[in-house]
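Below: the structure, in structure tokens.
The values are calculated or read from the model by the stated rules, or taken from the named source; none is laboratory data. Everything quoted here is computed from the prediction, not taken from an experiment. Because the Cβ atoms are built from the backbone with ideal geometry, glycine has one as well, and the counts that use them run over all protein chains shown.
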Amino acid sequence: PAFTLESLDGVPVSLEGLRGRPVVLNFWASWCGPCREEAPMFRELSARQGSGDGLAVVGILFQETNEQSARDFIREYALAYPNLKDPRIDTGVEYGVSGIPETVFIDAEGVVQHMDRGGLTRERLNVGLEKIGVPAL
């Protein structure tokens, strides 16, 4: 599903604007323990952006109750990719998110190829990356 959401810095980001690039969407919240466990992997994955595979990593705050806590989380884990607010959880609902963390793997044509529910392991992350034509982490 298409979306345009605002980042914590007030910058609008749309899925359409990422068309032509594989996208990893990670739905998370600052109070989520498994989100903390997988955050270093997303930091590592996003560091590869610009390396030739065109990958875009995007975080979406889902059921986040405290924007400052989200900012602290982003700073603590040095997450440099966009993290978007979904205040009414509309985008999460459209993607079928029922809990967090959940990660959606979208190919360069904008088609969801894989969804992973729960905290990711490196192996499960690599399964999703393979399905969107991105080299393993």
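Details
- Qualifying positions in segment 87-115 - among the acidic types (Asp, Glu) and either surrounded by fewer than 16 Cβ atoms within 10 Å (Cβ to Cβ) or touching a Pro at 6+ places or on another chain (Cβ under 8 Å) (or both): Asp90, Glu94, Asp107, Glu109
- Remark: Pro34 falls outside the filter, which requires a residue to be farther than 17 Å from Gly99 by Cα and of a type outside the set (Lys, Arg).
- Taken together, the residues in segment 68-114 that are more than 17 Å from Leu137 (Cα to Cα) and assigned to a strand (DSSP E or B) amount to 6.
- Each residue in segment 19-38 was checked for being over 17 Å from Gln63 (Cβ atoms) and surrounded by fewer than 19 Cβ atoms within 10 Å (Cβ to Cβ), and 4 of them qualify.
- Gly59 meets each of the listed conditions (1) in a strand (DSSP E or B); (2) touching a Ser or Thr at 6+ places or on another chain (Cβ under 8 Å) apart from (2).
- The residue pairs whose first member lies in segment 101-120 and is at negative phi, whose second member is assigned to a loop (DSSP other than H, G, I, E, B) and acidic (Asp, Glu), and whose beta carbons are closer than 8 Å, counting only pairs six or more residues apart or on different chains, are Gln113/Asp107.
- The listed residues are Glu64, Glu94, and the only one of them that is touching a Lys or Arg at 6+ places or on another chain (Cβ under 9 Å) and over 19 Å from Leu125 (Cα atoms) turns out to be Glu64.
- Condition check for Phe42 on (1) touching a residue at least 40 places away in the same chain (Cβ under 8 Å); (2) closer than 22 Å to Glu6 by Cα; (3) in contact with a Leu (Cβ under 9 Å, 6 or more places away or on another chain); (4) in a helix (DSSP H, G or I): one failure, at (1).
- For segment 79-110, taking the residues that are over 17 Å from Trp31 (Cα atoms) and over 14 Å from the mean Cα position of the chain (by Cα), the one that is modelled with the lowest pLDDT is identified as Arg88.
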